[in-house]
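As structure tokens, the structure follows; a few thoughts come after it.
The values are calculated or read from the model by the stated rules, or taken from the named source; none is laboratory data. Since this is a predicted model, take the numbers as computed values, not measurements. Note that we place each Cβ from the backbone using ideal geometry, even for glycine, and neighbour counts take in every protein chain shown. For accessibility, only protein heavy atoms count, side chains too; no ligands or nucleic acids. Shrake-Rupley method; radii C 1.70, N 1.55, O 1.52, S 1.80 Å.
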Amino acid sequence: TYSHSIIANKDNSLAIGLTASGISHRLNNNRSFTSIVFHKRANRHIPGFAYFFNGFATVSLLLCATKTSGAAAYQHRAMSSHLTSRSDGLVTVSPRDEEVQTATIVICHGLGDSAEGFVDVAEHLSSRMPHIKFILPTAPTQPVTMNMGMAMPSWYDITGLDERSNENCVGIEKSRDTILDLLQKENDRGIPFERMALAGFSQGAALSLFTGLQIDAEKKLAGILVLSGYLPAAKKFALTSGMEDVPVLHCHGTMDPMVQFAMAEKSQAALVEKGLKNYELKSFPIQHTVSPSEIDEAKTFFGTILPRNEGTLYIKVKDPAEMSVKELKAAISRAGLGRQALGLMEKREFVKLLQDHRSNK
């Protein structure tokens, strides 16, 4: 059984190939589907997530641009411009130099996945847009009615794939509040809401639409990226006044058996009818997954709505002289100065190291 494998070309552009090491999921009707297989840094193949919907299986997004053997490899630099950190299911990919950050994007994964499924995507985007911090939350684990009540990471309950079932979405308000809290924390750090965006795949894309277009007017975002998603709970959805010109880019597969392309068209029509003026729907010859071409579209979209904005400082970093030893060590590690700090004992030495680094940037 063949499955997709995402790698990067010599010029660092993503490419999609095939590998015979995929794991096949055989269902009662003898249909066979495969998981996405992806390259991890250890240069090995790992099967992607798969979850079942009414006799079908679909896969969540697992793309990465990582080190592989041969010329077709994207190799992370010894000291990349970003730092990836993890805490209780939340992953952040942020600039090593906090002052460089001028924008934030929250990416929500699909049903049955976790933040880890998007880490390499975020790192790839970060390498092209080092001024953007990416935040990847993980949905709470809860029973999903459509999946025979099995517990899995899910932003809200899904009872079916038809439009009537899509109106339920029990739990979506709680997940919306989780995303709003992440945005607020970024704003508290100094990033304006107008310099933030939401993105998501499948159920995560639906949550992004539900959250980003109903947010308070004074917290208007720069835009929303939708990958293989749809408008959830359409009947109770109300576009916030002032959000009419928020740009939405919706990338969707024409061969998607799960969230069919017709659902994407209906979502676009429903939001336009509610007053949204800038909703672009782009089709791709793929199933329920994400292609390298869509990643390229995402880079262009983010580059348009969240340009570098050079010369503007939103994040004010703490003076090293005012830091505790613990804060100094964390800042030194973040800046990639671990080797230079070897042998240092006194606080004043750590302070000088960090001050010298910042003054020589």
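Applying the criterion of at least 1 residues that are surrounded by fewer than 21 Cβ atoms within 10 Å (Cβ to Cβ) to the strands (runs of 3 or more DSSP E) found wholly in the range 84-172 leaves 90-95, 141-144, 150-153.
Name the residue that is surrounded by the fewest Cβ atoms within 10 Å (Cβ to Cβ), counting only residues in the range 255-274 that are within 21 Å of L221 (Cβ to Cβ) and in contact (Cβ under 8 Å) with a residue 40 or more places away in the chain. Here the residue is L271.
In the range 203-228, the qualifying residues are those that are touching a residue at least 60 places away in the same chain (Cβ under 8 Å), more than 13 Å from I172 (Cα to Cα) and in contact with a Cys (Cβ under 9 Å, 6 or more places away or on another chain), and the one that is surrounded by the most Cβ atoms within 10 Å (Cβ to Cβ) is S228.
Residues checked against (1) free of Cβ contacts under 8 Å to residues at least 24 places away in the same chain; (2) open to solvent by 60 Å² or more (accessible area, probe 1.4 Å); (3) closer than 23 Å to N168 by Cβ:
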| site | (1), (2), (3) |
| --- | --- |
| Y230 | no, no, yes |
| K277 | no, yes, no |
| T289 | no, no, no |
| E294 | no, no, no |
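Residue count for the range 233-254 satisfying the condition of being open to solvent by less than 10 Å² (accessible area, probe 1.4 Å) and touching an Asp or Glu at 6+ places or on another chain (Cβ under 8 Å): 5.
From the list K347, K277, K329, K352, the one residue that fits, being out of contact with any strand residue (DSSP E or B) (no Cβ under 9 Å at 6 or more places or on another chain) and under 30 Å from D216 (Cβ atoms), is K277. The residue pairs whose first member lies in the range 321-349 and is on the phi > 0 side of the Ramachandran plot, whose second member is in a loop (DSSP other than H, G, I, E, B), and whose beta carbons are closer than 8 Å, counting only pairs six or more residues apart or on different chains, are G336/M79; G336/R96.
Among the residues of the range 324-343, those that are at pLDDT 85 or above and touching a Phe, Trp or Tyr at 6+ places or on another chain (Cβ under 8 Å) comprise V325, L328, K329, A341. For the range 310-326, the count of residues that are over 25 Å from the mean Cα position of the chain (by Cα) and crowded, with 16+ Cβ neighbours inside 10 Å is at least one.
Taking the listed residues F350, F301, the one that is crowded, with 16+ Cβ neighbours inside 10 Å and closer than 30 Å to L231 by Cα is F301, with no other qualifying.
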